[in-house]
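This report concerns only the one structure given below.
A short reminder: the numbers here are calculations on the coordinates, not readings from a lab. The structure displayed is predicted, hence computed values, not measured ones. For neighbour counting, all protein chains shown are included, and Cβ atoms are generated from backbone atoms with ideal geometry for every residue, glycine included.
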Amino acid sequence: MEENQKQADHGQILAKWNFPEFTKYERKKSWYFWVAILIILLLIYSIVTINFLFAVIVILAAITFTLIYRRKPYEVTFAITEDGLSADERFFPYEILKNFYIIYKPPEVKKIFFEFKSLTKPRLAIPLEDQNPVEIRKFILEYLTEDLEKEDEPLSESLGRLFKL
C-alpha cells in the first residue's frame with residue numbers, strides 16, 4: 001500500500017521493471033593479472049613523475065572498484081510514470097530531462113538512455129531487461145523527444161562492457 005501511495009504521487013505507472021544496479025561480469029584470472037600489471041605500471045609512472053596525488057587516486061580507484069564488485073548488486077526498481085521517471089527513491093520529472101534514445105542490439109546492448117537538460121548531470125542509462133522497447137518508446141514519446149541520431153551506445157558504456165568494468 002505504501003509503495004502504491006509513493007507512486008501515486010508521481011501519476012499513473014506506465015511501465016515498471018527491476019534490474020541489477022550494475023552488471024557483474026565473469027572474469028578470468030588473466031583479467032585480474034592484467035589489471036594488476038596496469039595498476040603497478042600506473043604507480044611506477046606516478047613515482048617517476050613525482051606525482052603522488054596520482055598514486056593516491058590510482059590506489060583509491062582500485063580499492064573502490066574492488067569493494068563495489070565484491071558485493072552482490074542490489075535490484076533497482078524503475079518506473080515510467082505520467083510525471084517522470086522513478087528509480088527506487090529517486091524521482092526525475094520530465095521537466096529536467098532533455099531527450100532519450102534506445103539502443104537495442106541484443107544480446108549485448110538493451111538500454112534506454114536519458115539525457116538531462118543540465119550539463120552537469122551525467123546521462124541516465126537504464127537496462128531494458130525483458131521489456132519491449134517499442135512499448136517503452138511509445139510511453140516515453142508522449143513526454144520526451146527521441147534523439148534519432150544516436151545509433152550506438154556511448155563510448156563509456158562500450159568500453160565498460162569491453163573491459164568488464
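Set against the 2.2 N^0.38 Å expectation for a compact globular protein, the chain has a Cα radius of gyration ratio of 1.26.
DSSP bridge analysis restricted to the chain gives an antiparallel fraction near 95%, rounded to the nearest 5.
Each Cα pair under 8 Å and six or more residues apart adds its separation to the average, and for segment 7-138 the resulting relative contact order is 24 percent.
Using just its DSSP H runs of length 4 or more, each adding -39500 (n - 2.57), the chain gives a mean residue ellipticity at 222 nm of -12000 deg cm²/dmol after division by all residues. Spatial offset of segment 32-86 relative to segment 112-165 amounts to 22 Å, using the alpha carbon center of each. When the charge dipole of the chain is built from unit charges on Cβ atoms (+1 for Lys and Arg, -1 for Asp and Glu) and taken about the Cα centre, the candidate among S156, N51, I112 whose Cα reaches farthest toward its positive end is N51. Net charge in the neighbourhood of P93 (other residues with Cβ under 12 Å of its Cβ; Lys, Arg +1, Asp, Glu -1) is -2. Rg/Rh for segment 110-165 (Cα atoms only, Rh after Kirkwood) is 0.98. As an equivalent ellipsoid, segment 29-70 spans semi-axes of 20, 14, 4 angstrom, where each value is the square root of five times an eigenvalue of the C-alpha gyration tensor, largest first.
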